[in-house]
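Right, one structure below, let's go through it.
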Amino acid sequence: MARLGRMMTGVCRRAMSTAKGPGFFELRQYDIKPDQIKFYLSETTKHAADRANAFNSPGSRFLGFWSTEIGGNLNRVHHLYHYSDYNTRDKVRAAAAANEGWNAYLAKVKPAMVSQQSSAFIEASTVLSSCSLPGALEWKPPAESPLKVAYEMRVYQLQLGYNRVPDFLKLYGGGLPDKLRADKTGASELVTLLFSDSGPMNKVIEIWRHESMQRSLDSRVASREAAKWKEAIAGIAQEAMSFETWTLRPCIGDWK
């Protein structure tokens, strides 16, 4: 086991930090009027099939939609999509604009919106696969959970500079195996690791799924025993300008 652990660490460290999986991910974040958030989420749930019909195709996929539980703007919603390329995105969004059910949904909820933001991300797929993690497109949540599931979005804004993201991913990949080995709680899964390709640059996002908010603390405490992970975080702190974490609740989509 010790030898396997050393091999796993070495593989992760040698991973090409900028390796790209197929396509890209679009993260859309909307701020909703405080007195309209319940209405907005209710209509979003009612029209879940319309969203799936509009954005799931051979080259695209709607992955998940979350509301904010703790962290930042409590009236912010987050939704994530994958596209095989930008031409596919253009075609899918043009078709959605002509989709009757989708347009009916938009007509209801647009007045509830305050602002909309969109960013494109690439998955750090080599780092994930080198640590035996499937990545966003292959990952599947448990079929059922007796607890109230929580997702966590951990956001690093790195300093300006061409090598900041590769340096971050080298540090992250070097410490991740130790973190995963140290956490034997089974409470948390790293779903994906993304770095920005459009929008705010040099931004890195981790998305974790936790069995519950309380169980996420069990995972966090266990990870504190990972010495190489703590070393990695110390190095990452020198690369980052800011770090924030959002606790999210899944609403609709594949990721629940």
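Observations on the model:
- Within region 47-59, residues that are modelled with pLDDT of 95 or more and in a helix (DSSP H, G or I) sit with their Cβ atoms under 8 Å from residues that are crowded, with 16+ Cβ neighbours inside 10 Å and hydroxyl-bearing (Ser, Thr, Tyr), at 6+ positions apart or across chains, in these pairs: 50/105; 51/44; 51/105; 55/81.
- So residue 109, is it at pLDDT 95 or above, touching a Phe, Trp or Tyr at 6+ places or on another chain (Cβ under 9 Å) and among the β-branched types (Val, Ile, Thr): yes
- Qualifying positions in region 144-168 - aliphatic (A, V, I, L, M) and under 23 Å from residue 216 (Cα atoms): 147, 149, 150, 153, 155
- Qualifying residue in region 178-201 (condition: closer than 16 Å to residue 228 by Cβ and among the small types (Gly, Ala, Ser)): yes
- Test: residue in region 9-21 that is surrounded by 13 or more Cβ atoms within 10 Å (Cβ to Cβ), at pLDDT 95 or above and either among the aromatic types (Phe, Trp, Tyr) or in a helix (DSSP H, G or I) (or both): no
- Considered as a group, the residues in region 28-46 that are surrounded by 15 or more Cβ atoms within 10 Å (Cβ to Cβ) and either out of contact with any helix residue (DSSP H, G or I) (no Cβ under 9 Å at 6 or more places or on another chain) or free of Cβ contacts under 8 Å to residues at least 60 places away in the same chain (or both) include one that is farthest from residue 111 (Cα to Cα), and that residue is 29.
- Listed by position, the strands (runs of 3 or more DSSP E) contained in region 125-232 that have at least 1 residues being free of Cβ contacts under 8 Å to residues at least 60 places away in the same chain are 188-198, 203-210.
- Residues of region 127-182 classified as among the aromatic types (Phe, Trp, Tyr) and over 17 Å from residue 25 (Cβ atoms), total: 3
- Among the residues of region 122-178, those identified as of a type in the set (Lys, Arg) and under 29 Å from residue 86 (Cβ atoms) are 140, 154, 164, 170.
- Residues that are within 28 Å of residue 245 (Cβ to Cβ), touching a Cys at 6+ places or on another chain (Cβ under 8 Å) and surrounded by 13 or more Cβ atoms within 10 Å (Cβ to Cβ) do not occur anywhere in region 97-115.
- Subset of region 223-256 [closer than 21 Å to residue 150 by Cα and more than 22 Å from the chain's Cα centre (by Cα)]: 224
Per-residue answers, yes or no, for (1) out of contact with any Phe, Trp or Tyr (no Cβ under 8 Å at 6 or more places or on another chain); (2) within 24 Å of residue 71 (Cα to Cα); (3) small (Gly, Ala, Ser); (4) at pLDDT below 95:
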| residue | (1), (2), (3), (4) |
| --- | --- |
| 152 | no, yes, no, no |
| 161 | yes, no, yes, no |
| 169 | no, no, no, no |
| 174 | yes, no, yes, no |
| 188 | no, yes, yes, no |
| 191 | no, yes, no, no |
| 196 | no, yes, yes, no |
| 200 | yes, yes, no, no |
| 205 | no, yes, no, no |
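- Scanning region 242-253 turns up no residue that is assigned to a helix (DSSP H, G or I) and loosely packed, with under 14 Cβ neighbours inside 10 Å.
- Any hit, region 84-99, residues being outside any strand (DSSP E or B) and under 16 Å from residue 29 (Cβ atoms): no
The values are calculated or read from the model by the stated rules, or taken from the named source; none is laboratory data. Small disclaimer: the values here were computed from a predicted structure and weren't measured. So basically every Cβ, Gly included, is an ideal-geometry build from the backbone, and we count neighbours across all protein chains shown.
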